[in-house]
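Here is the structure we will look at.
The values are calculated or read from the model by the stated rules, or taken from the named source; none is laboratory data. Given the structure is predicted, the values throughout are model-derived calculations rather than measurements. Positions of Cβ are generated from backbone atoms using ideal geometry, with glycine treated the same way; all protein chains shown enter the neighbour counts.
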Amino acid sequence: MSVVLLSGGTGGAKLARGLYDLLGDDLAVIANTGDDVEIHGAYVSPDPDLVSYWLADRIDERGWGIEGDSFSAMEMLRELGTEVWFALGDRDLAFCLERRRLLEGGRTLSEAHATLTRALGVDAQVIPMSDDRVRTTIRSGEQTLSLQEFLIAHRGAAAIDDIRFDGAADASGSPGALAALASARAIIIGPSNPIISIGPILAVDSIRSAIEASNAPVIAVSPIVGGEVLKGPTAACMAWAGETADAAGVARHYAALLDAIVADEPVEGIRSLEVDTLMDSPAGRRRLAGHALELADALSG
């Protein structure tokens, strides 16, 4: 029985690293694929890749991409007159080109990512939420933006008039994700953006239903640290959803799915554990992971 973590990008990936230190291959991460994009001839899956790079100790100090990567391919594309608004390092590009080759050879998205993750030496499971196409889009005025266009080309600053998870209604949870949830001893919703990082995962009906049917405790870790959003447009997304950008707003957003929440501020109306949630070091990541696991054990009795 594994501990299952639902993860988007940076916050979820950092917690995954802390959990991996404590659990090893007893960890299964279900990662958001609503950010996926096909670009530069490659299939890019930012959140599963970010988690895998963190677990493999290959993450760059920027917080994304592979440590020490070069950008010669992007520099050459610019030299050739191509607009490069989405930049990939050379090794990162190779990783994503290999994913595309595996997909074109008949592998599912989850099978392809499992192959790539094993090649990095990661023992834990990093599982795309679905093998079906799901894409997060942002409507801003008269524009409909892919999530990567919103986050990178518009720096997450465009007005949010609507958020959609295109394809989610018809998508099935990947077999590995559903199997992990069916046998989970704890389910942790990571400190990623609740709307655009965790939202696409929960928009897949079979995944939400599997969480609702599970006997495992479900715990959220708040992405709000010291009353602030550390990275990304979480506050704007929560405002669009009609919620406050604090731990209480996160708890209300997940509502009946939750048994408890870990946060660095008091949360009324739900069992909560108030601890330091800053993950700025390996010790901090392990500490927060340990608190989440202790709370899960306490809820399980």
Screening Val229, Val250 for residues that are aliphatic (A, V, I, L, M) and crowded, with 20+ Cβ neighbours inside 10 Å leaves only Val250
Could you list, in sequence order, all residues of segment 232-247 that are farther than 19 Å from Leu288 by Cβ, in contact with a helix residue (DSSP H, G or I) (Cβ under 8 Å, 6 or more places away or on another chain) and either surrounded by fewer than 22 Cβ atoms within 10 Å (Cβ to Cβ) or acidic (Asp, Glu) (or both)? Ala241, Glu243, Thr244, Ala245
From Gly121, Gly65, grab the single residue that is small (Gly, Ala, Ser), modelled with pLDDT under 95 and under 23 Å from the mean Cα position of the chain (by Cα). Gly65
Filter segment 258-276 down to the residues that are within 16 Å of Leu5 (Cα to Cα) and out of contact with any Lys or Arg (no Cβ under 8 Å at 6 or more places or on another chain), then identify the one that is surrounded by the fewest Cβ atoms within 10 Å (Cβ to Cβ). Leu258
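Residues checked against (1) more than 19 Å from the chain's Cα centre (by Cα); (2) of a type outside the set (Asp, Glu):
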site	(1), (2)
Glu61	no, no
Leu77	yes, yes
Gly81	yes, yes
Glu104	yes, no
Leu109	no, yes
Ala112	no, yes
Looking only at segment 95-111, and only at residues there that are part of a loop (DSSP other than H, G, I, E, B) and without any contact (Cβ under 8 Å) to a residue 40 or more places away in the chain, the one that is surrounded by the most Cβ atoms within 10 Å (Cβ to Cβ): Arg107
Subset of segment 5-28 (residues that are of a type in the set (Lys, Arg) and either surrounded by fewer than 24 Cβ atoms within 10 Å (Cβ to Cβ) or free of Cβ contacts under 8 Å to residues at least 24 places away in the same chain (or both)): Arg17
Subset of segment 112-136, residues surrounded by fewer than 17 Cβ atoms within 10 Å (Cβ to Cβ) and of a type outside the set (A, V, I, L, M), comes to Thr115, Arg118, Gly121, Asp123, Arg133
Asp205: among the acidic types (Asp, Glu), surrounded by fewer than 18 Cβ atoms within 10 Å (Cβ to Cβ) and touching a strand residue (DSSP E or B) at 6+ places or on another chain (Cβ under 8 Å), yes or no? no
Subset tally (residues that are touching a strand residue (DSSP E or B) at 6+ places or on another chain (Cβ under 9 Å) and either buried (at least 24 other Cβ atoms within 10 Å of the Cβ) or not in a strand (DSSP E or B) (or both)) for segment 29-53: 17
Consider Ala245 carefully, then state whether it is under 18 Å from the mean Cα position of the chain (by Cα) and closer than 30 Å to Glu61 by Cβ. no
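Okay, residues lined up against (1) among the aliphatic types (A, V, I, L, M); (2) within 28 Å of Ala179 (Cα to Cα); (3) touching a residue at least 60 places away in the same chain (Cβ under 8 Å):
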{"residue": "Val51", "(1), (2), (3)": "yes, yes, yes"}
{"residue": "Asp69", "(1), (2), (3)": "no, no, no"}
{"residue": "Met76", "(1), (2), (3)": "yes, no, no"}
{"residue": "Glu79", "(1), (2), (3)": "no, no, no"}
{"residue": "Arg91", "(1), (2), (3)": "no, no, no"}
{"residue": "Thr117", "(1), (2), (3)": "no, yes, yes"}
{"residue": "Gly156", "(1), (2), (3)": "no, no, yes"}
